[in-house]
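Okay, structure first, notes after.
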Amino acid sequence: MKKLLFFSIVCIILTSCSGYGDRGELIGVKSDNTWLVEQPYGMVLVPGGTFTMGKTEENRWGAFEIPPRSIAVKEFFMDDTEVTNSEYKEFVYWVRDSIVRTELANYAEGISGDEDVFGIASFKYLDSELSEEEIQELNPYESYMLKKNGTLNQNYKGVPSLNWSIPLYWNTEDYPDEEYAEVMDQFYLPNEENGGDRLFDVTWLNYAYQVNTKQNQSNIAQKNKYADVDITVYPDTTAWSRDFEYSRNDAMVQNYFWHDAFADYPVVGVSWNQAKAFCNWRTKKKNDYLEASGSRIRVPEFRLPTESEWEFAARGGIENGKFPWGGPYLIDIEGYYLANFKPKKNNFAADGFTYTVEARSFNANDYGLYNMAGNVSEWTSTSYNNSASYVTSSLNGDVEDPTNKKKVIRGGSWKDIAYFLEVSTRDYEYADSVKSYIGFRTVQDYVGDFNWGKLDY
């Protein structure tokens, strides 16, 4: 009887240690969440594969820039067009509204207004409006966060939650009270600087976030070092006049970013650093939505493509193509140019367009990507270093060096000759520079493996 009792106890212990009905087998950790790959809006899925990166022939100066090499890339999502003025403007507006709401909330903290009367008191931080009953209903973690930080939801700066549920009013006749007017007035240029118009002071438009420095990948302690980034986000529209001395481009300076006629044109006047900030914000925008909807899943970050990803995508699956459409011709059978560039010396309009064109123009390549040649050159995440090409990994090859301010740009632009449109041509610009002929598009890692073909048995 004692032996039977002992055996029963052992069985109970073993059963309790082995999990939930797994019969002692290794079945893996089961997640409460189901991961379904979601194709981001405006992106196409670029298949992974191996290709020969770089030029297989001498460049226009009779030399080889870097030796061609075989590179393998994993599948990823990529914007089917360059980021447009309209899309980038959404980023600018979000930054503007965040700053305005923060200033209103800070001012409102010292005001005891009537909750039933709309005014600046309506813009108080959400956590400051919690009633005693709401505080009692908080779960343990929320209660802990409220006691520790004074807020339930905070970013790394410790900023309490803003109230996004009420609209901002921009017309002076709609201001609800004098306190609101006082806060708003600081955001506009003085009368002597606005030329008679009421203009928002864009120097307010700074975006703050953290970035992983990744200075030394071989040192684990270095991998998780973060640096604060605080950067202005407004594109430099004066690039249109600075890039071309003694040219009258006033109309582009004044209208290109703001006029509705250019809404679907690629944004320019954006530095590499600003493009990186846009990527961070786009990731935040999506993950904030997922968090608000109660999902525990977070999407992979949006980022700039590596140089190898960009060239692989530009080739569109054509291994030895000279241009995204294959080539080597620049004109179709009907006599039309296949991209927006400068086909003839001192003749920017020979292709039918003097400046940029809409981002969704000309024919897409075989991956569904538009203007991978011409229109605007595009930032990549890769640092420009020819000597590093000899030691770059053949798997997702990249050169990431925060100390190197030269960043690779690809694709050529509306002001470039055909050579820069070739899928293998490299060029660079400094990370803090802004040009009227450089834009960008974003990518996102595809999490998991994608079966591109059916196996034949």
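Annotations
- Among the candidates Ala275, Ala227, Ala263, Ala239, residue that is modelled with pLDDT of 95 or more, surrounded by fewer than 16 Cβ atoms within 10 Å (Cβ to Cβ) and either within 17 Å of Trp379 (Cβ to Cβ) or within 22 Å of the chain's Cα centre (by Cα) (or both): Ala263
- Subset of the stretch 359-384 that is touching a Leu at 6+ places or on another chain (Cβ under 7 Å) and among the aromatic types (Phe, Trp, Tyr) - its residue that is surrounded by the most Cβ atoms within 10 Å (Cβ to Cβ): Trp379
- Checking each residue in the stretch 54-71 for being at pLDDT 70 or above and in contact with a helix residue (DSSP H, G or I) (Cβ under 9 Å, 6 or more places away or on another chain) picks out Gly54, Pro67, Arg69, Ile71.
- Failed condition for Thr283, given (1) at pLDDT 90 or above; (2) hydroxyl-bearing (Ser, Thr, Tyr); (3) surrounded by fewer than 13 Cβ atoms within 10 Å (Cβ to Cβ): (3)
- Helices (runs of 4 or more DSSP H) lying entirely in the stretch 244-350 (those with 1 or more residues that are farther than 19 Å from Gly412 by Cα): 250-255, 272-292
- Leading residue by the ranking (modelled with the highest pLDDT) among those in the stretch 18-48 that are at negative phi and of a type in the set (Gly, Ala, Ser): Gly48
- Restricting the first member to the stretch 311-336 and to residues that are under 17 Å from Pro68 (Cβ atoms) and at pLDDT below 95, and the second to residues that are outside any loop (DSSP other than H, G, I, E, B) and among the hydrophobic types (A, V, I, L, M, F, W, C), the beta-carbon pairs closer than 7 Å and six or more apart or on different chains are Glu319/Phe51.
- When residues of the stretch 113-143 are limited to those that are aromatic (Phe, Trp, Tyr) and either at pLDDT below 80 or over 28 Å from Lys284 (Cβ atoms) (or both), the one surrounded by the most Cβ atoms within 10 Å (Cβ to Cβ): Phe118
The values are calculated or read from the model by the stated rules, or taken from the named source; none is laboratory data. Not measured: the values here are computed from a predicted model. Please note: Cβ atoms are built from the backbone with ideal geometry, for glycine as well, and neighbour counts cover all protein chains shown.
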